[in-house]
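The values are calculated or read from the model by the stated rules, or taken from the named source; none is laboratory data. Note that the structure is a prediction, hence the values are computed from the model and not measured. Please note: Cβ atoms are built from the backbone with ideal geometry, for glycine as well, and neighbour counts cover all protein chains shown. Keep in mind that these areas ignore ligands, DNA and RNA; they rest on the heavy atoms of the full protein, side chains included. Shrake-Rupley method; radii C 1.70, N 1.55, O 1.52, S 1.80 Å.
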Amino acid sequence: MKIRSDILRIYQSLHTWVGIGAGMLLFIGFFAGALTMFKEPLDRWVSAPTLRLQPVAPERLDTLVREVLEQRPAARKGFTLHLLEQENIPAPLSWSADGGRGLNLSATRWHATLDDAGQLAEREQAPSQLAQLIDMLHRTGGIPGTVDGEYIGEYTMGVAGVMYFLALVSGLILLLPTLVKDFFALRAGKNRKRFWLDAHNVLGIASLPFHIVISLTVIVFAFHDQFYDSLGKVVYGAQPIFGKPPAAGARPHAVADMLPASALIAKVQGAAPDFLVSELMFMRLETPRPMVRAAVVSPRHLSRGANSGFVMINPYDGTLDTSMLPGQGDVWSGIVAPLFALHFGSFGGNLMRWVYFFLGLSGAFLFYSGNLLWVEKRRKNQGRNPLLVSQTRSTMLMAAASVGITLGCMAGVGFSVVAGKWAHAAGGNINLVYLQVYYAVFLGCVAWAFWRGAARSAAPLLKLCALSFLSIPLTSLAAALLPSLGLWANGSLAAVGVDLVALVSGLLMLYAARRTARRVAQGPLDSVWSAPPSAAGAAPQALAAKV
């Protein structure tokens with residue numbers, strides 16, 4: 001296919017600048033997004049066994065619910081009945097003292113169970129929100145602050161999603177003339193730029209459907225309030241978009257009249273026989289609009305939630321709403337649910353989680369390699385005169401930012417995961433420790449990269465990433481060998497899997513650090529990635545940037 005050269009130049013410029021404008025933010029989003037595929041194992045790895053209360057047999061769930069509602073009126077605003085037993089679920093029933101369900105790092109939750117004598121046993125604690133914080137990093141790119149209750153970072157990621165989509169379209173147009181010839185070409189040799197360009201193109205085209213879905217859904221998620229407001233005015237008018245208004249004359253309910261939890265579970269299982277009911281979230285129990293949201297799990301279906309589908313049920317009359325149950329609902333639900341599932345990877349079980357994990361990492365690599373290609377293109381435009389090693393200030397700053405931001409994000413997440421266990425023995429709010437550790441490491445890496453430059457900072461920062469990942473299995477090893485430290489090692493397959501993945505990642509980072517150090521010492525002198533020892537004394541003159 002032949003495209004006019006002037007058109008290709010326009011799309012090349014578009015692809016370059018929208019990619020550069022959003023690349024590093026999207027790297028953070030994709031790296032953290034890959035980790036969200038295993039939020040549950042991460043939570044299970046970091047959860048302390050000393051905080052868990054004993055489970056309750058299924059036939060005693062009704063008694064537990066009744067006792068909590070009678071003795072703890074605050075739970076009537078909303079509570080969750082957990083039907084699975086895992087390290088990250090401290091008790092079979094929990095509620096927030098203020099009834100809130102949003103992310104609040106300082107909030108505590110009450111957890112309740114029945115002791116051997118059938119008496120209510122409860123404990124108040126601040127639950128670890130490591131997985132939720134990684135998900136927040138994925139959604140906001142780590143940009144703090146809110147506007148009218150919405151995170152600034154989410155709006156910023158929405159804008160990045162628009163630029164991301166433009167980069168995909170323009171990149172596809174650029175590749176059309178040579179798509180058949182160069183699709184699977186991966187030419188490794190002396191021309192490093194050609195190798196990185198081939199890798200960038202192969203990953204981009206091979207995962208194009210995935211990236212199109214992600215880019216479009218990111219835009220929808222970031223600006224969902226604006227879309228819903230528009231739909232409300234144009235399509236629905238006075239009719240509410242979500243749920244039905246309370247019937248005329250409806251009055252608040254009394255929790256004493258509520259159906260038993262076992263009856264609600266039976267109704268949900270009858271409506272979704274192919275699904276496993278994982279939890280029941282009770283909401284607004286003493287209002288005219290009470291509701292229970294039952295989370296149902298099945299790897300064979302496209303689920304609207306990140307991990308599950310939902311069945312809504314009225315806890316007083318047992319009325320079911322299955323519009324959010326996979327495979328049911330109206331035409332609109334049939335369109336929306338697959339888009340949610342394709343974004344979250346909430347189908348196909350663990351196999352698809354691993355597929356999405358690697359797709360997320362490949363997406364992060366796509367943006368990093370795009371920045372690297374931009375830097376190398378500037379070097380080509382400068383010419384290659386080994387007697388005058390000089391790069392523009394913009395090239396040096398972009399290279400330093402690419403190294404500091406990408407490696408700082410990875411190291412920050414790795415050390416944050418470990419901090420959850422080491423900080424637990426010291427007490428305090430470990431959720432704030434996660435944030436403090438992440439931003440301290442991230443900002444430190446960025447500062448180091450700008451101070452030392454891309455070449456001299458890359459290998460040390462890769463070693464720091466390796467240390468952050470290797471410290472995860474080393475912490476589990478220390479917990480097993482030195483129990484006096486107050487650490488713990490959960491022995492479930494999910495928790496051990498975190499250790500194994502971190503171990504492999506750390507070894508790969510060490511290998512990358514070794515190769516990078518060799519490149520820095522032996523690479524072309526006219527590259528920002530080169531800093532041979534012999535040139536150290538002449539660095540202020542030889543590597544001076546052009547303004």
Of the residues 482, 474, only one is open to solvent by 80 Å² or more (accessible area, probe 1.4 Å), under 16 Å from residue 418 (Cβ atoms) and either in contact with a His (Cβ under 6 Å, 6 or more places away or on another chain) or modelled with pLDDT of 95 or more (or both); which? 474
Apart from one, (1) free of Cβ contacts under 8 Å to residues at least 60 places away in the same chain; (2) under 26 Å from the mean Cα position of the chain (by Cα); (3) under 30 Å from residue 458 (Cβ atoms); (4) surrounded by fewer than 18 Cβ atoms within 10 Å (Cβ to Cβ) all hold for residue 506; the odd one out is (4)
If we keep just the residues of region 434-454 that are aliphatic (A, V, I, L, M) and either touching a Ser or Thr at 6+ places or on another chain (Cβ under 6 Å) or at pLDDT 90 or above (or both), which is surrounded by the most Cβ atoms within 10 Å (Cβ to Cβ)? 449
Does region 309-328 hold any residues that are assigned to a loop (DSSP other than H, G, I, E, B), touching a Leu at 6+ places or on another chain (Cβ under 9 Å) and surrounded by 22 or more Cβ atoms within 10 Å (Cβ to Cβ), and which are they? 315, 326
Working only within region 278-308, note down all residues that are buried (at least 21 other Cβ atoms within 10 Å of the Cβ) and either without any contact (Cβ under 8 Å) to a residue 12 or more places away in the chain or part of a strand (DSSP E or B) (or both). 280, 282, 292, 294, 295, 296
Are any of the residues in region 18-26 more than 22 Å from the chain's Cα centre (by Cα), in a helix (DSSP H, G or I) and crowded, with 16+ Cβ neighbours inside 10 Å? yes
Residue under question is residue 421, and the condition is that it be of a type in the set (D, E, K, R) and over 25 Å from residue 517 (Cα atoms); does it hold? yes
Just a yes or no: is a residue in region 36-46 among the hydroxyl-bearing types (Ser, Thr, Tyr) and closer than 30 Å to residue 161 by Cβ? yes
Among (1) open to solvent by 50 Å² or more (accessible area, probe 1.4 Å); (2) modelled with pLDDT of 70 or more; (3) under 30 Å from residue 155 (Cβ atoms) - the single one residue 256 does not satisfy: (3)
